[in-house]
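Enquirer: Once you've had a glance at the structure underneath, I'll fire off some questions.
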Amino acid sequence: MAQTKGEAFLQCSNCKKTVFSVDFEQNLRVCPYCGFHHRLSAKLRIDITFDPGTFEECDADLRSLDPLEFPEYHAKLEASKLKSDTHDSMISGRALLDGKAVVTAVADFSFMGGSMGSVNGEKVTRTLERAVDEKKPAIIICASGGARMQEGLISLMQMAKTTAAVSRCNREGVPFIAVFTDPTMAGVLASYASVADVILCEPKALVGLSGSRVNKQAGVHRVPDDFQTAEWAFEHGMVDKIVVRKEMRGTLINLVKTLGGALYV
Amino acid sequence: MSSEQPKSHNEWERPLRELDDSLHKLKDLAKKEVDEDKREELQAKIVEIEERRDRYIHLLYSNLGPWEKVLVARAEKRPYTLDYIQALCNNFVELDGDRRGFRDKAIVGGTAMFGNRPVIVLGHQKGRNIQERQFRNFGMAKPEGYRKAIRLFDMAERFRMPVITFIDTPAADPGVESEARGISEGIAAGMLKMFELTVPSISVVIGEGGSGGALGIAAASRVLMQEHAIYSVIPPEGCAAILWRMPERGPEAARALKLTAQSAFELKLIDEVLPEPEGGAHRDPVSAAITVREAITKHLNELDQLSPIDIRENRYNKFRSMGIFEA
């Protein structure tokens, strides 16, 4: 995250250079010096991805509960609501992309690390089901540390639920495009995200199954320097394309036009 | 407090093992004893210790806490997948290889007869001693394990065979080579394939249901759990490492995660809890296997009533309903 240095300047957390706030925002929060793609809120991501003013939110009334009465979960939920100005880690809805109707779900990492609990899983599932029902391509933009531990096995089952919804898209000939942003990890990566028709990925995004703390716990210590980066995943054939932020909208437009071609006649 | 908690099943069951050992010795002595009076004396002692042991087993197992369940679920004496395949199936032929250059030893499977039904049967396999454990990679499957499973699922669909999977893994393999070959995609594709099946599928959690590594072969029409098995989104130690940066607080995390079969059933995430013999499945593997066989048969009989499309839709709807939120 870029750190604020007064009002007009920011410091890039990656290269430590001082950047004009205005330049930084105009550059879609990509550092003009080192090219580091800083994280975006879901709302900002929606603004820079879809046709201006066309996004209509769905499922906005879904709220997380604390079914296991898990330690500190309730407080974390409340704190995240204040911090991120969303109600959970995913915003879903309909939008236009270069005039073409799509359905979408966009993750917000600032809400409990973008973790997939019941609400997040339900929004992903509804998005994919909506894609099938309305015959529109689905675009899901991921940013998540994985399943939401605080909902225990219920959150693990969101992996199954969302993956089941992908199987419907496949059967009904509805394209599903996933965009991996920093980070796309664990329970999200090991479910619906990895079985998308097309996977695009932002540069330097963290992409992998287990985080470093869990890895250490499992005795995995020596790893390549670029382990679990977008570039490493790309080299190993796990994603289709690394796309810089400025070109993401254009790439999505091309894909929707081609893959979704049969739906728009 | 957490430091006083036992760390292994062996440690936790030590008093029981000591009773078992002395019983063994006494029985040996009684067998060799020629003097009738002394033999009767020994017999009486044996009966007394057996009663004491049974009371102790009852005490230990009748009220297991979540952490104790974790220890029992991980016990190396517990019957493993191959034990259940041997006990429940005939004509088993193990099939192997992902046909992409790799072979996984942590997921085993093949074709077999389950009663009079040809089935595809597979599951995670752990090892009992150091060599076996390493050979089986501690029951942690690599991408090739899920890809082998997918091959078998494909065959199940093609030849209209029900699928039975046994779940017993701490987690998917977290190593560099597994990442390089797409472990996440392997897990996701395993689930995806299971959701496409129009033949019935039953998963039985027989030990550890370790997060995605378990789920990759557990997206089944019916999911059953043995009484002392666990199923969790994250290992309790990993949860404690993230929450408190203290893996040794695993017992607390085990409680918070509600990872027991009983909790999973209350939350409607599994279909049935299968009772185990007193003292756990490892104390009486034969009767544990009978319970598993009867349960699988019952569920397969129920699923037989559905059309292929309904089997697929039934599975979809079951997982579709999982999630607790306010709307």
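Enquirer: Can you pull the percent of the protein assembly as shown's accessible area that's carbon plus sulfur, 1.4 Å probe, other chains left in place?
Expert: So the carbon and sulfur contribution to the accessible surface is 51 percent.
Enquirer: Give me a single rounded figure for A:132-140: the average over its residues of other chain Cβ atoms within 10 Å of their Cβ.
Expert: Per residue, the average neighbour count from other chains is 0.
Enquirer: Considering only the other residues whose Cβ falls under 15 Å of the Cβ of residue A:77, what net charge follows from Lys and Arg at +1 and Asp and Glu at -1? Walk me through the intermediate numbers first.
Expert: Numbers: positive: A:63, A:76, A:81, A:83, A:148; negative: A:66, A:69, A:72, A:78, A:85, A:88, A:108, A:151, B:326.
Taking every other residue near residue A:77 into account, the sum is -4.
Enquirer: Right, another one. What residue among B:311, B:230, B:49 shows peak mean-square fluctuation when chain B is described by a Gaussian network model with Cα springs under 10 Å?
Expert: It is B:49.
Enquirer: Sequence-distant or interchain residues sharing an amide H contact under 5 Å with residue B:166, placed H: which?
Expert: Long-range HN contacts for residue B:166: B:122, B:123, B:124, B:204.
Enquirer: Please determine, in degrees from 0 to 90 and to the nearest 10, the orientation of helix B:308-320 with respect to the longest principal axis defined by the Cα atoms of chain B, where the helix direction is its Cα long axis.
Expert: With both axes taken from Cα atoms, the answer is about 70 degrees.
Enquirer: Which trypsin sites (Lys or Arg not before Pro) from segment A:158-265 combine a DSSP loop assignment with at most 11 other Cβ atoms within 10 Å?
Expert: A:222
Enquirer: Given the -39500 (n - 2.57) contribution per DSSP H run of 4+ residues, what per-residue ellipticity at 222 nm results for the protein assembly as shown, rounded to the nearest 500 deg cm²/dmol?
Expert: Rounded to the nearest 500, the figure is -13500 deg cm²/dmol.
Enquirer: Also, quick follow-up: Kindly tabulate the residues in segment B:165-204 with an accessible-area decrease of at least 30 Å² between the chain alone and the assembly of all protein chains, using a probe of 1.4 Å.
Expert: Correct list: B:174, B:176, B:179, B:180, B:184, B:185, B:188, B:191, B:192, B:195.
Enquirer: If you don't mind, there's one more thing I want to ask. In degrees, nearest 10, range 0 to 90: what is the angle between the Cα axis of helix B:285-304 and the longest Cα principal axis of chain B?
Expert: 30
Enquirer: Only protein chains counted, 1.4 angstrom probe. Which residues of segment A:49-84 are at least 50 Å² less accessible in the assembly than when their chain is isolated?
Expert: Correct list: A:65, A:68, A:70.
Enquirer: Take the residue pairs A:123/B:268; A:135/B:142; A:204/B:126 and return only those whose Cα atoms are more than 32 Å apart.
Expert: Long pairs (Cα-Cα over 32 Å): A:135/B:142; A:204/B:126.
Enquirer: Follow-up. Quick one: grab the alpha carbon gyration tensor of the protein assembly as shown, order the square roots of its eigenvalues as a ≥ b ≥ c, and give me rounded if a/c is under 1.5, else prolate or oblate depending on whether a/b is larger than b/c.
Expert: Verdict is prolate for the protein assembly as shown.
Enquirer: How high is the FRET efficiency from residue B:130 to residue A:63, r the C-beta distance, R0 35 Å, rounded to 0.05?
Expert: My answer for the efficiency is 0.10.
Enquirer: Sticking with this one: In whole Å, what is the distance between the alpha-carbon centres of segment A:159-177 and segment A:122-146?
Expert: After rounding, the separation between the Cα centres reads 9 Å.
Enquirer: Let me confirm one metric for peptide B:234-243, namely the mean number of other chain beta-carbon atoms within 10 Å of its residues' beta-carbons. Before the final figure, lay out each step's value.
Expert: Details: counts 11, 3, 0, 3, 9, 5, 1, 5, 6, 5.
Mean number of neighbouring Cβ atoms from other chains: 5.
Enquirer: Taking only protein heavy atoms into account and a 1.4 Å probe, give the accessible area per residue of the protein assembly as shown in Å².
Expert: 42
Enquirer: Segment B:193-288: which trypsin sites (Lys or Arg not before Pro) are DSSP loop and have at most 13 other beta-carbon atoms within 10 angstrom?
Expert: Passing sites in segment B:193-288 are B:245, B:268.
Enquirer: Something else: Nearest 100 Å² is fine: how much accessible area is buried between A and B, summed over both sides, with a 1.4 Å probe?
Expert: In total, this chain pair buries about 4800 Å².
Enquirer: Return one number: the angle in degrees, 0 to 90 and rounded to the nearest 10, between the long axis of the Cα atoms of helix B:36-61 and the longest principal axis of the Cα atoms of chain B.
Expert: With rounding to tens, the tilt is 40 degrees.
Enquirer: Let's test the formula: R0 of 45 Å, r as the Cβ-Cβ distance of residue B:48 and residue B:4. What FRET efficiency results, to the nearest 0.05?
Expert: With R0 = 45 Å, the Cβ-Cβ based efficiency is 0.90.
Enquirer: Pull up all non-local amide H partners of residue B:201: gap of 5 or more, or a different chain, and H-to-H distance under 5 Å with H placed in the peptide plane.
Expert: Close amide H contacts, sequence-distant or interchain: B:163, B:221, B:222.
Enquirer: Can you tally the lysine pairs in segment B:7-63 where the Cα-Cα distance is under 22 Å and the two residues are eight or more apart, or on different chains?
Expert: So the count of such lysine pairs works out to 6.
Enquirer: Of the candidates A:169, A:12, A:142, which one comes out as most mobile in a Gaussian network treatment of chain A with C-alpha springs shorter than 10 Å?
Expert: A:12
Enquirer: Separate question: I need the phi-derived Karplus couplings for segment A:65-70: 6.51 cos²θ - 1.76 cosθ + 1.60, θ = phi - 60°, integer Hz, Gly and Pro marked x.
Expert: Once θ is set to phi - 60°, the couplings for segment A:65-70 become 10, 10, x, 9, 6, 6 Hz.
The values are calculated or read from the model by the stated rules, or taken from the named source; none is laboratory data. Bear in mind the structure is a predicted one, so any value in this text is a computation, not a measurement. So basically every Cβ, Gly included, is an ideal-geometry build from the backbone, and we count neighbours across all protein chains shown. Just the protein is used for accessible areas: all its heavy atoms, side chains included, with ligands, DNA and RNA removed. Shrake-Rupley method; radii C 1.70, N 1.55, O 1.52, S 1.80 Å.
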